[in-house]
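What follows is calculated from the coordinates using simple rules that are stated; it is not laboratory data. For clarity, every value in this text was computed on a predicted model and none was experimentally measured. Here the Cβ is made from the backbone with ideal geometry for all residues, glycine too, and neighbour counts use every protein chain on show.
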Amino acid sequence: MQDKLVDLTAVLPLIRNNQTIALGGMTIYRRPVAFVRALLQRQPRPQNLTLLTFTAGLASDMLVGGGCVSHVRTCYFGLESFGLAPMFTKMVENGRLTIIEESEASIACGLRAAVGQLGFIPSRAWQGTDLFKVRPDVKTIIDPYSGETLTAFPAIQVDVAIIHVLKADRFGNAILGGNPTIDEMLSNVAKTVILTAEAVVDKLEGPVELTGLPVTAVCHQPNGAWPTSCYPAYPLDGEEILRYIDACNAGQFEDYIFER
Amino acid sequence: MYTIDELICVCISRQIEDGELVAQGMSTPLVAAGYLLAKLTHAPNLTFISAIGQTFCQEFAPLGLATVENLWLRNGLFTINFITGVCDFLPRYQPKEFFRPGQVDPLGNFNNVFMGGSYAQPRLRLPGSAGIADVTVYEEKVCLYVPRHGRHTFVPQLDFRSGVGHVPERTRGSGPRYLVSDLGQFDFGGENGRLRLTTHHPGTTPQRIQAKTGFPLALAPDLHETKPPTAEELRLLREKIDPLGIRTLETLRGAHRKAKLRQILAAEKGILGRG
């Protein structure tokens, strides 16, 4: 197998304007924060990205705050117990961000459809809600066997997925360390897959949680999820998350990004 | 003496039956504490499934904030992932779950997407519908909780319907069955499934609750005062389940909430340092 271990700076050019970018992990757990910070320090920053993530949190708020994102596809955008995501909330209220409203099922079915090379997956989700009003592209379908009206969630295509993992080998096989979220699915749907890893070894013996087959590049990035958690290596750094929120609310987002 | 967060936890706990499967979303420590209280009292055979970690779990552990994953990842009996959870396990097992609405209407429809203004440019963007727009369509055991009862939450007309209540177009599931707030407990036993006050918490009255609700409330015929927590329930909550007081984060706002967050993080760091 091919050795995919490269420096983080080598993968930054893989992110290009107008792509759909997916971030692994969940809200404030195992997020590729170091990657996002490096991307924001790249000149020029990417523009007009569509950000796809199951639950968007700190890393997503940074990408949005950095002006890289034109469209957001997520079922939740916030910082859980730490409150609203400051840059996202501000941008939406100023009408500067287009939200492609999602729920857990629309993302899960959309990715299942994509990985199975199908156009859609049917579901009972959304029936009776207002979600259709803001997602006119989502159609219903009649179950040919029962006659029941179902929602036909369209396949979701992803250009680049960035996933932070606990441990990877040079070929991209990886251990997530818990909280699997949707990362295995993302790795199989995305055209380009970048792993940042707390630790890199020559060869993992298995069983592994992600296969290296679809992985494009592996970057060694200790503390790469900080201040989000990387279980069991470290818990989330709540004081730092509060410091980020305070910096954003004080209009010092850019200073915060370039601090280190 | 007890605080309102403790009463809400106790009310949630008393809605749990032994042997049930219960689900927990993100940032819902009142619900987690309520489930754990049920586990340590009348429902020892409870199984939890959590958004964080996507694990099935049958063991007890105290609540954490920076270490919130420990409860689910250290004790997880069985791990799925979110795709399998959403597409397969939730429809198959239909756990009981408590949701916190941004707005709720008289029929138990609710909104976690935006409030005020328009969808394209809202006055307040909320985090989003997460799994609410999915499971409220078909589940039988949806419950709601509102830590700060007021007219901004209990509205005659939603700005957006992301959770489905007792509406004629429903073909499956039941709509929410129960709601607890910091003022009282409710079911949806009013006409056509309208919200109905069943108990008022000690220290408040049905009149005050009505005044803080943005639409006329139905009243249960046997409307009475909520049974307060027992000394044992309070001891379990304070000493075993949530000694850091994480549950109070859902009832606090603004500067008080931020101060409490910092206090909890410092206390938790002390525990981690020792342990």
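Can you pull the mean other chain C-beta count within 10 Å for peptide A:71-78?
Numbers: counts 0, 1, 0, 3, 10, 12, 4, 7.
So the per-residue partner count for this stretch is 5.
So how strong a dipole does chain B carry about its Cα centre when Lys and Arg Cβ are +1 and Asp and Glu Cβ are -1, to the nearest 20 debye? The partial results should precede the final answer.
On the way: 31 positive and 26 negative charges, 188 e Å.
Here chain B has a charge dipole of around 900 debye.
Distance between the C-alpha centres of the range B:126-201 and the range A:144-160: 27 Å, rounded to the whole angstrom. All Cα-Cα separations within the range A:161-258 were binned at 5 Å from zero, giving a P(r) of 3, 14, 21, 20, 16, 11, 10, 5, 2, 0, each value a whole percent of the pairs.
If you build the Cα gyration tensor of chain A and take the root of 5 times each eigenvalue, what three semi-axes come out, in whole angstrom, biggest first?
Details: eigenvalues 167, 117, 51 Å².
Sorted largest first and rounded, they come to 29, 24, 16 Å.
Neighbouring Cβ atoms from other chains, within 10 Å of the Cβ of residues in A:79-86, number 5 on average. I'd like the antiparallel share, as a percent to the nearest 5, of DSSP beta bridges with both residues in the protein assembly as shown. Of all bridge pairs located within the protein assembly as shown, approximately 40 percent are antiparallel.
Let's test the formula: R0 of 56 Å, r as the Cβ-Cβ distance of B:T171 and B:Q207. What FRET efficiency results, to the nearest 0.05? Between B:T171 and B:Q207 the formula returns 0.90. With N the number of residues in the range A:49-89, Rg(Cα) / (2.2 N^0.38 Å) evaluates to 1.01. Over the residues of the protein assembly as shown, the helix contribution to mean residue ellipticity at 222 nm works out to -7000 deg cm²/dmol, using -39500 (n - 2.57) for each DSSP H run of at least 4.
Relative to the Cα centre, what is the charge dipole magnitude of the range B:1-149, using +1 at the beta carbon of each Lys and Arg, -1 at the beta carbon of each Asp and Glu, and rounding to the nearest 20 debye? Don't skip to the answer; put the middle values down first.
Values: 10 positive and 13 negative charges, 76 e Å.
Dipole of the range B:1-149, to the nearest 20 debye: 360 debye.
Quick check on chain B: take the gyration tensor over C-alpha atoms, sort the square-rooted eigenvalues as a ≥ b ≥ c, and tell me if it's rounded (a/c under 1.5), prolate or oblate. Display every interim value, and only then the final one.
Numbers: a/c = 1.42, a/b = 1.24, b/c = 1.14.
In terms of gyration-tensor shape, rounded.
Between rounded, prolate and oblate, where does the range A:82-194 land on the alpha carbon gyration tensor, with a ≥ b ≥ c its root eigenvalues, rounded for a/c under 1.5, else prolate if a/b exceeds b/c? Oblate, because a/c is 1.5 or more while a/b does not exceed b/c.
Among the DSSP beta bridges whose two residues both lie in the range A:114-214, what percent are antiparallel, rounded to the nearest 5?
Numbers: 11 of 20 bridges.
Roughly 55 percent of the DSSP beta bridges within the range A:114-214 come out antiparallel.
DSSP bridge analysis restricted to the range B:4-248 gives an antiparallel fraction near 50%, rounded to the nearest 5. Looking at this model, which pairs from A:K90/A:K191; A:K90/A:K133; A:K4/A:K139; A:K90/B:K96; B:K141/B:K240 are more than 30 angstrom apart at the alpha-carbon? In this structure, A:K90/A:K191; A:K4/A:K139; A:K90/B:K96 exceed 30 Å between Cα atoms.
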